[in-house]
1. So which residues in the stretch 305-319 are within 20 Å of residue 282 (Cβ to Cβ), touching a residue at least 12 places away in the same chain (Cβ under 8 Å) and among the hydrophobic types (A, V, I, L, M, F, W, C), if there are any at all?
2. Within the stretch 61-103, which residues are assigned to a helix (DSSP H, G or I) and touching a residue at least 40 places away in the same chain (Cβ under 8 Å)?
3. Would you check if there is a residue in the stretch 297-312 being in contact with a helix residue (DSSP H, G or I) (Cβ under 6 Å, 6 or more places away or on another chain), over 13 Å from residue 39 (Cβ atoms) and of a type outside the set (Ser, Thr, Tyr)?
4. Taking the options 221, 217, 255, name whichever one is closer than 29 Å to residue 316 by Cβ, free of Cβ contacts under 8 Å to residues at least 60 places away in the same chain, crowded, with 16+ Cβ neighbours inside 10 Å and away from ligand 1 (no atom under 16 Å from the Cβ).
5. Looking at the stretch 113-131, can you tell me whether even one residue there is assigned to a loop (DSSP other than H, G, I, E, B) and either touching a strand residue (DSSP E or B) at 6+ places or on another chain (Cβ under 6 Å) or β-branched (Val, Ile, Thr) (or both)?
6. Go through the stretch 162-214 and report how many residues are closer than 21 Å to residue 152 by Cα, away from ligand 1 (no atom under 16 Å from the Cβ) and polar (S, T, N, Q).
7. Please count how many residues of the stretch 35-69 are more than 16 Å from ligand 2 (Cβ to nearest atom) and surrounded by fewer than 23 Cβ atoms within 10 Å (Cβ to Cβ).
Amino acid sequence: MLKIDNFSLQLKGSDGRILPVIEKVSLHVKKGCCLGIAGESGSGKSVLAMSVAALLPRGSVHARSGTIDFDGCQILTASEAELRHLRGRKVGFIFQEPMTAMNPLMTLYDQIAETVYAHFPASSRADADAKIMLALERAGFSEPEKFMHSYPHQLSGGMRQRAMIAMALVLEPELIIADEPTTAIDAALQVQLLSELRQQIEQHKRSMIFISHDLGVIRAVSDQLAVFYAGCLVETGITSRILAAPAHPYTADLVSALPRLVNERKLPVSIAGTLPAPDKKPKGCVYSDRCHYAQETCRAQRPALAKLTDDWQVNCFYPLHKGLV
Ligand SMILES: Nc1ncnc2c1ncn2[C@@H]1O[C@H](COP(=O)(O)OP(=O)(O)OP(=O)(O)O)[C@@H](O)[C@H]1O
Ligand SMILES: [Mg+2]
């Protein structure tokens, strides 16, 4: 359904610097599957997701290469008309920051209705209303009629995030891209929304890209996992296997940094150092200056993504194991 091959992206910084924010990424998302994307803040998760829906402001893109194929449509060379048809109807995007993605001057109902009429101009009012109510219910509004005539500023942060989810689901897209969709939502509602999103995948055979810095949430919702670090894909494969036995030292560090509910009082282990800026990455492996296992080769050369097993790839000269089942 979605094939990203050898995709690289350079953006222009506000001071004119060229920023290599995505480097040679290849990822495939199958129908009825959820790909989780994890990685710390600034690793390029959102820019990759926005590239799939061609949503990055044109002025900020310096260069793109590789291919992004969505169900036969070549995103990097598609016309604006093709992309408009794709967005909303085939690809639904749940944005990380609802306040910037929503129109502050329109009620929740009007914003969702605008999407429906843009793609189905001949919809009757009753049809559109039925679609909108269903989407709001699926997004966790138990009494949608109470809130649908509110403006974004009249909703709580969590409600705005749910409104974004409703906007993304209303046209029943084939691919849902969810960028940190549950960060502003309390734990109980988070569970409800994750199970609704999972249902969308399993019952309706939709695909999903689910971005989160929270590996616990990713573990619950995704089949496949892609771990990003400084714009590079460092490890990818089946979520449960990777999280049980990470092969890349960065994935292992992320797993150790995961807070756990344990009896004894014990803090998770933080990763020393910081993510390098896109134009200040080390010459060798992007993680080499923070990695406990880095050797001379790691600092001198950039490794390439290599197969551990048929469905497990790792971008490391010295993976922690050779592929466990
Ligand atoms: N429009 C833009 N112009 C220039 N640089 C950008 C733009 N958008 C993002 N960047 C840069 O691209 C890099 C990746 O940013 P991105 O927003 O994808 O990170 P992220 O992994 O989604 O982080 P977070 O977890 O905080 O959401 C960062 O260095 C960021 O500063
Ligand atoms: Mg982001």
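The values are calculated or read from the model by the stated rules, or taken from the named source; none is laboratory data. Bear in mind that the values here come from a model prediction, so they are computed numbers and not experimental data. Note that we place each Cβ from the backbone using ideal geometry, even for glycine, and neighbour counts take in every protein chain shown.
1. We begin by selecting, within the stretch 305-319, every residue within 20 Å of residue 282 (Cβ to Cβ); these are 305-306, 314-319.
Filter again for touching a residue at least 12 places away in the same chain (Cβ under 8 Å), leaving 305, 314-319.
Listed by number, the residues that qualify are 305, 314, 316, 317.
2. Looking only at the stretch 61-103, we keep the residues that are assigned to a helix (DSSP H, G or I), and these are 80-86, 98-101.
Listed by number, the residues that qualify are 98, 99, 101.
3. To start, the set of residues in the stretch 297-312 that are in contact with a helix residue (DSSP H, G or I) (Cβ under 6 Å, 6 or more places away or on another chain) comprises none.
Looking for residues that are in contact with a helix residue (DSSP H, G or I) (Cβ under 6 Å, 6 or more places away or on another chain), over 13 Å from residue 39 (Cβ atoms) and of a type outside the set (Ser, Thr, Tyr), one finds none in the stretch 297-312, hence no.
4. Values: 221 fails: free of Cβ contacts under 8 Å to residues at least 60 places away in the same chain; 217 fails: away from ligand 1 (no atom under 16 Å from the Cβ).
Just a single option satisfies the conditions, and that option is 255.
5. Here is the first cut: in the stretch 113-131, the residues assigned to a loop (DSSP other than H, G, I, E, B) are 120-124.
Now narrow it down to the ones that are either touching a strand residue (DSSP E or B) at 6+ places or on another chain (Cβ under 6 Å) or β-branched (Val, Ile, Thr) (or both): none.
No, the stretch 113-131 contains no residue that is assigned to a loop (DSSP other than H, G, I, E, B) and either touching a strand residue (DSSP E or B) at 6+ places or on another chain (Cβ under 6 Å) or β-branched (Val, Ile, Thr) (or both).
6. Number of matching residues: 1.
7. If we filter the stretch 35-69 for residues that are more than 16 Å from ligand 2 (Cβ to nearest atom), which is where we start, we get 54, 58-59, 61-69.
In the following step, the residues that additionally are surrounded by fewer than 23 Cβ atoms within 10 Å (Cβ to Cβ) were identified as 54, 58-59, 61-67, 69.
The qualifying residues number 11.
A quick yes/no check of all residues on (1) at pLDDT 90 or above; (2) of a type in the set (D, E, K, R):
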{"position": "173", "(1), (2)": "yes, no"}
{"position": "183", "(1), (2)": "no, no"}
{"position": "188", "(1), (2)": "no, no"}
{"position": "210", "(1), (2)": "yes, no"}
{"position": "214", "(1), (2)": "no, yes"}
{"position": "218", "(1), (2)": "yes, no"}
